[in-house]
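Contents: one structure, followed by commentary.
Coordinate-derived values only; no laboratory data. Small disclaimer: the values here were computed from a predicted structure and weren't measured. A quick note on method: Cβ atoms are made from the backbone with ideal geometry, for glycine too, and the neighbour counts reach across all protein chains shown.
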Amino acid sequence: MNPARGSLLGIEHLEAAEIVRLLQFARRMNPDKPRPLLKGKRVLLLFYESSTRTRSSFEIAAKSLGAHTVLIQAIGSSIEKGESLLDTGYTVRSVGADIIVIRHPNAGAPHVMAEHIDVPVINAGDGLHEHPSQALLDAYTILRNKKTFKGLQVAIVGDIFHSRVARSACHLLSKFGVKIILCGPPELVPDIAITLAPGIRGTRHMEDALRGTDVVMLLRVQKERLAGLRIDLPEYIARYQMNTARLKLAKKDAIVMHPGPIIRGLELTSEVADGPQARILEEVHNGVPTRMAILARAMGKMR
Amino acid sequence: MTEKKRASLANSSLLIKGGHLIDPAARVDAPMDVLLKNGRVAEVAAPNKIRGRADQKLDARGLIVAPGFIDLHVHLREPGQTHKETIPTGTAAAAAGGFTSVCTMPNTIPVVDSVEWIEWLREPERGAMVNVFAIAAATQASQGTALTDFRALQGAGAIAVTDDGKPILEDAIMRRALVLGGELSLPVVQHAEDTRMTENCSMHAGAQSFRLGLRGMNAAAEASIVERDVLLAMQIPHARLHVAHLSTADALKSVRRGKRAKARVSCEVTPHHFTLTDEDMRDYDSNYKMNPPLRAASDREALLDALGDGTVEAIATDHAPHAAHEKEMEFERAAFGITGLETALALAITRLHREKRIPLMRIVELFTAGPARCFDFRGRGSLVRGSFADVTVFDAKKQWTFDAAQSRSKSKNTPFDGWKLTGKVVATIVGGSLVYSG
């Protein structure tokens, strides 16, 4: 079965025109001025993994559109008792879900769900694979600050290998011709990473990544996903931590982004996190209108 | 079919008439008639030159007549996992695929590591439709720590030993297995995977695995084990190493090196590895998930060359049935393995013969004389007079569409559902009796 219309499983297979439409619609969304586009609809939030930002902003987005939300977490539900992914899907479908928003530790879990269940499925992050709503809100944030993608250079620094945020960002930015530079040690930025999409290059040196860069996207070192991979943290900090001195290498008006949660003192210093170029909290703020657009699209209400 | 009925058929005679015989072991590639009598090949002669009489005739005009196919690598799932497959369903699928003999793997529940289980597998009550040969576990419970009793297992009928599903990882254990196996002329079948490198991995490591966010198995995880095993086999007198489901170009280099050094090293390749690559996988479709995984295009090319030039002895299916609920789930959690018995010949003809121009003689060898040599099948793999009356008759030109729903296997986990293929089994004869006609 093909995924239901309105599903958002990833950025990779989304057309640029559709992304533009989503971002334009997001600009018209404002949680302080609720619009009942999804009045009476039921949004099931199926979270198999912990989340603060994504979960709360999807919930606020759904409620701002007049929908009901139900949160199901792995702990405290039948998932804990061994119910399979699809059985949980069939169950929430029968309960009357109109949209399923799913966060899952396994890559492709939303795809399996969408292949079997005739309800729009929205990927809120699947394993190492994609995090499309994050990429969209980041694009929204970039456009708010830089007006256009044209001629932009974006450096993504850190743990690319374990990052679904990085994969989605690369797909999205590549579709708009942005120059993408991936920067980090070989264990976290394997050579194969540049094959993800056109227009990506890799480097091991921050100086190289930052020179002429308009946007710096930092990533958290995901200790929980390293699975035996040993990273020398002091060495990582010495080579890749974003500090005030390094930030000066980028363009004067460069902005610093991070999908969160941030670990101060590891991938960035407090000075950078709290500094004038940081847009980290703006990203969180932009998550709500972006996700309002995603939910409206899921119900065919993005008009 | 009841045992009685089969026995009566076996005592009868069957003339296969008008076909084109390909018997690589006997170097025959010509129109020939074949007379089967009392479970054996009674006569092979030019058309209309058979002297003996026959009760029954099989019209093989326009068809290829070959020795019964031998599959060195099948998971029949008994004992213990009859929800996936049973000996009757698995061997019915084998018969439909033209296989008259299959070797069943010991990674069952419990593991087949004792004489009792080998004997149990060989009892007529199991209801096998084709010959079933048991491969015993190489280590107790396939835990990789203590070898099983090779001599006793061989005495009970085990044809080889393996810990398939897992590697024999410890150097000392593998060395000891090759020494003991060498003394008994018992092949040690290695599932070559350095599992220290493949933890949590669900496909081949490459651009595709990176894109899908799936942890990838490095080709080196296979090649390094094959390299070690070949080096050991070169050092140990009479050692017999058989590399199961070989999938990488680098592993082939080691196998070639061993063969050049005259070590007794053999290997098998599956139809899915010579047909598909990691790029062919539909996103998160677990019918493309198996171990070893679908590899890079360069690996597939190397396998095609090795199948053509004789480096590879056998095509083996690694038929690995799983119930739908064990497959339709998160890709990383889904079971490894696909079914393969009913599509093997057609994939070989479609990919190896029609596309790669490998002669039918060589393809038949990969299903018959080649595998027979690997595990010393006596009286099988050829149709010379006196051989067992195991015959596969197929139409090398017939085009058909594989429908997994019609599979005789209990499970339908295959990536080849709906594929248009060329080459179809028409009749499968085991011990002189027809067990499949299509």
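Rounded to the nearest whole Hz, the Karplus-based 3J(HN,Hα) values (6.51 cos²θ - 1.76 cosθ + 1.60, θ = phi - 60°) of the range A:46-60 follow the sequence 9, 10, 8, 9, 5, 6, 10, 5, 4, 5, 5, 6, 5, 5, 5, with x at glycine and proline. In order along the range B:425-438, the phi-based Karplus estimate (6.51 cos²θ - 1.76 cosθ + 1.60, θ = phi - 60°) of 3J(HN,Hα) comes to 6, 10, 8, 10, 10, 10, x, x, 10, 6, 9, 8, 9, x Hz; Gly and Pro are listed as x. Distance from the C-alpha centroid of the range B:374-438 to that of the range B:266-281: 19 Å, rounded to the whole angstrom. Beta bridges from DSSP with both residues in chain B: antiparallel share about 50 percent, rounded to the nearest 5. Loop-located trypsin sites (Lys or Arg not before Pro) in the range B:218-306 (DSSP state not H, G, I, E or B) with no more than 11 neighbouring Cβ atoms inside 10 Å: B:Lys262, B:Arg282. By how many degrees, between 0 and 90 and to the nearest 10, does the Cα long axis of helix B:87-96 differ from the longest principal axis of chain B? Taking the Cα atoms of chain B, the angle to B:87-96 is about 60 degrees. State the Cα centre-to-centre distance between the range A:182-212 and the range B:123-162 in whole Å. A separation of 51 Å, based on Cα centres. Taking a straight Cα-Cα cut-off under 23 Å and skipping sequence neighbours fewer than 8 places away in the same chain, the lysines within cross-link reach of A:Lys252 are A:Lys146, A:Lys147, A:Lys150, A:Lys179. Scanning residues 5 or more positions from B:Cys267 or on other chains, those with amide H under 5 Å from its amide H are B:Val243, B:Glu313, B:Ala314, with H placed 1.01 Å from N in the peptide plane. Distance from the C-alpha centroid of the range A:32-63 to that of the range A:244-285: 27 Å, rounded to the whole angstrom. Note on B:Lys420: aspartates and glutamates with a C-alpha under 19 Å away, same-chain residues under 8 apart excluded, are B:Asp280, B:Glu342, B:Glu355, B:Asp395, B:Asp403. Value of Rg to Rh for chain A, rounded to two decimals, is 0.97; Kirkwood radius and Rg both from alpha-carbon coordinates. Rounded to 0.05, the FRET efficiency of the B:Gln143 and B:Ala45 pair, given R0 = 60 Å and the Cβ-Cβ distance, is 0.65.
Here the alpha carbons of chain B define both size measures, Rg and Dmax, at 20.6, 66 Å.
Counting only alpha carbon atoms, the long axis of helix A:280-298 and the longest principal axis of chain A meet at about 30°. Restricted to Cα atoms, the protein assembly as shown shows a radius of gyration and a Dmax of 29.9, 99 angstrom. Database remark: amide H of A:Thr213 closer than 5 angstrom to the amide H of A:Lys251 (H placed geometrically; neighbours at sequence offset of 5 or more, or on other chains; Pro and chain starts carry no H). Across the range A:74-89, computed HN-Hα scalar couplings (Karplus, 6.51 cos²θ - 1.76 cosθ + 1.60, θ = phi - 60°) run 3, 7, x, 10, 5, 4, 5, 8, x, 5, 6, 4, 5, 5, 5, x Hz from first to last residue, x flagging Gly and Pro.
Rg and Dmax, both from the Cα atoms of the range B:326-401 and both in Å, are 16.5, 53. Taking amide hydrogens as placed 1.01 Å from N in the peptide plane, the amide H of A:Leu219 sits under 5 Å from those of A:Val157, A:Asp159, each at least 5 positions away in sequence or on another chain.
The GNM of chain B, with springs linking C-alpha atoms under 10 angstrom apart, assigns the highest mean-square fluctuation among B:Gly310, B:Gly213, B:Gly52 to B:Gly213.
Across the range A:133-283, how large is the tail of the calculated P(r) beyond 18 Å, expressed as a percent of all Cα pairs? Tail of P(r) above 18 Å: 52 percent of Cα pairs.
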